[in-house]
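Notes follow the structure.
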């Protein structure tokens with residue numbers, strides 16, 4: 001990308017509208033506004049350029065960091081108007097310090113995520129020279145990528161590296177003359193919101209409003225997110241499952257229940273099936289642990305949090321026929337899944353949140369009202385997405401002001417060609433029909449057919465650093481237990497059969513594969529072969545199976561992976577393999 005000046009970056013109609021809104025909240029002349037607000041905002045724009053605010057969460061698109069920065073300042077200044085600061089001071093002191101606290105609120109909001117560009121991103125110029133934000137604004141064509149080894153909350157600690165890039169000495173001198181404000185601002189910049197009092201709360205609420213507007217507040221925005229963004233993939237997967245596989249509103253056992261105001265999905269069932277579907281489409285990076293999947297859904301604004309900030313709800317389903325059972329649920333907004341005209345009829349019964357879950361809400365087809373117990377608000381340090389409607393902050397008018405209609409948000413939702421065709425490549429051609437994945441019976445033969453097609457369709461990559469299949473010694477080498485675990489994850493029905501045999505899912509698949517007799521054994525009779533993996537910096541070992549006939553998987557056998565070398569196991573190790 002080519003760096004742009006601040007004037008160009010801020011020239012879009014929506015950003016100009018945000019700047020105008022920010023000015024209206026300051027009660028300053030244009031000249032004073034240019035010094036105290038516009039200059040730091042321009043420095044911010046030049047520093048963040050086209051960087052996203054996150055890799056696959058909110059504002060995950062080029063320019064998302066700048067949009068998020070302007071939005072959170074606008075929200076924070078709106079919220080600031082409801083507070084007399086510093087709290088507990090005399091009216092005269094509050095009046096004398098009003099402009100300083102207003103500016104401090106804007107600076108705290110603008111700077112809260114600036115550390116991301118220092119620790120989350122790897123940026124370099126066209127010639128490969130690295131760029132760091134403490135070098136100053138980018139001056140040459142640049143490229144960037146997210147660091148795979150980044151630490152989630154490190155950006156809060158990195159803010160201190162950069163705030164003097166935005167706030168000049170005169171501004172800092174002015175702010176430091178107000179001890180209460182200065183202390184609160186420094187705590188926010190250090191990520192210690194629990195010590196920042198009202199200022200910390202304002203930044204958190206403004207951040208929540210901006211994130212919710214991008215993700216949870218408007219489901220259409222998730223549709224407009226880049227196709228590679230994780231929330232887009234998760235939503236597409238859930239829509240597919242609800243259209244093709246999941247059973248809703250059954251009078252007894254079902255995968256979920258739709259009430260008038262919420263979609264309740266049985267947590268483990270949906271997590272297993274969602275993971276299986278996404279893996280079958282070649283989408284990697286989905287956690288194998290269900291708890292981690294729940295957290296991902298919550299972090300991306302798809303699963304609505306419980307009052308204590310958790311992803312899992314405990315509730316009891318009661319049908320009108322008298323059947324009743326308790327489950328653990330993920331709770332979703334129906335608007336995130338269906339257009340109003342497409343939404344199925346609500347459940348003829350009720351879903352009642354269990355009292356021990358800190359809430360006693362009842363959701364029924366005849367009532368849209370939920371009446372939870374009054375609970376204490378979360379501590380300021382806990383930041384979790386909320387929809388603007390849940391925050392009683394008077395932000396409705398501001399949301400209306402900042403809302404920009406996108407084609408995806410305004411037009412009826414229709415499946416994209418690639419989404420509609422997902423199921424066509426999920427399993428071997430012999431399993432046709434809308435519920436192909438469900439209909440397929442796991443077996444050794446089906447495992448091999450799945451493996452062959454996954455390689456042909458490039459949903460499993462071979463001979464890569466993290467590949468589950470390599471070519472070694474002129475044949476295919478299947479990494480164990482990884483390749484069997486992947487099959488079991490894509491086919492949740494394996495777990496039922498494995499449980500009957502008192503085995504883990506991948507062990508059940510592995511045993512079915514061995515019974516086919518398509519693998520080569522060592523002279524000692526061992527099934528497992530070890531490969532030494534050598535790389536530029538380190539070496540490691542893999543364990544797996546060699547096929548007797550590589551054309552079982554490949555129509556044309558690729559060359560051997562030069563980084564793998566077959567090792568012969570000693571007979572003494574046989575009991576451990």
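Listing for the model above:
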item: Of all residues making up the stretch 296-314, the number that are surrounded by 23 or more Cβ atoms within 10 Å (Cβ to Cβ) and modelled with pLDDT of 85 or more; result: 1
item: Only listed residue being in the same structural domain as residue 170 (by TED's automatic domain parsing), surrounded by fewer than 21 Cβ atoms within 10 Å (Cβ to Cβ), over 29 Å from residue 176 (Cα atoms) and modelled with pLDDT under 95, chosen from 20, 55, 92; result: 55
item: First in the stretch 309-329 and closer than 13 Å to residue 249 by Cα, second anywhere and modelled with pLDDT under 85, Cβ under 6 Å, 6 or more apart; result: 319/251; 320/348; 321/251; 323/252
item: Residues of the stretch 145-166 that turn out to be under 20 Å from residue 6 (Cβ atoms) and surrounded by 18 or more Cβ atoms within 10 Å (Cβ to Cβ), as a count; result: 4
item: Conditions (1) more than 18 Å from residue 49 (Cα to Cα); (2) surrounded by fewer than 18 Cβ atoms within 10 Å (Cβ to Cβ); (3) within 27 Å of the chain's Cα centre (by Cα): number failed by residue 169; result: (3)
item: Unique residue being assigned to a helix (DSSP H, G or I), surrounded by 21 or more Cβ atoms within 10 Å (Cβ to Cβ) and at pLDDT below 85 when the list is 234, 185, 223; result: 234
item: Scan of the stretch 16-34 for residues that are assigned to a helix (DSSP H, G or I) and farther than 16 Å from residue 78 by Cβ, ordered by number; result: 16, 30, 31, 32, 33, 34
item: Search result, residues across the stretch 255-295 that are surrounded by fewer than 20 Cβ atoms within 10 Å (Cβ to Cβ), touching a residue at least 60 places away in the same chain (Cβ under 8 Å) and part of a loop (DSSP other than H, G, I, E, B); result: 260, 261, 282, 288
item: Residue list for the stretch 142-176, restricted to those being within 20 Å of residue 40 (Cβ to Cβ) and in contact (Cβ under 8 Å) with a residue 60 or more places away in the chain; result: 162, 165, 166, 167, 168, 171, 174, 175
item: Top-ranked residue in the stretch 337-353 [being surrounded by 15 or more Cβ atoms within 10 Å (Cβ to Cβ) and touching a strand residue (DSSP E or B) at 6+ places or on another chain (Cβ under 8 Å); ranked as farthest from residue 317 (Cα to Cα)]; result: 337
item: Filtered residue count, the stretch 523-542, keeping only those that are surrounded by fewer than 17 Cβ atoms within 10 Å (Cβ to Cβ) and either under 18 Å from residue 485 (Cβ atoms) or in contact with a strand residue (DSSP E or B) (Cβ under 8 Å, 6 or more places away or on another chain) (or both); result: 6
item: Flag for residue 473 being farther than 16 Å from residue 555 by Cα, touching a strand residue (DSSP E or B) at 6+ places or on another chain (Cβ under 7 Å) and either at pLDDT below 75 or surrounded by fewer than 17 Cβ atoms within 10 Å (Cβ to Cβ) (or both); result: yes
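Residue-by-condition table, conditions (1) surrounded by 14 or more Cβ atoms within 10 Å (Cβ to Cβ); (2) in the same structural domain as residue 55 (by TED's automatic domain parsing); (3) touching a helix residue (DSSP H, G or I) at 6+ places or on another chain (Cβ under 8 Å); (4) at pLDDT 90 or above:
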| position | (1), (2), (3), (4) |
| --- | --- |
| 100 | yes, yes, yes, yes |
| 106 | yes, yes, yes, yes |
| 111 | yes, yes, yes, yes |
| 121 | yes, yes, no, yes |
| 131 | yes, yes, no, yes |
| 134 | no, yes, yes, yes |
| 137 | yes, yes, yes, yes |
| 143 | no, yes, no, yes |
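The values are calculated or read from the model by the stated rules, or taken from the named source; none is laboratory data. What you are looking at is a predicted structure, and each value in this text was computed from that prediction instead of being measured. Cβ atoms come from the backbone with ideal geometry, glycine included; neighbour counts cover every protein chain shown.
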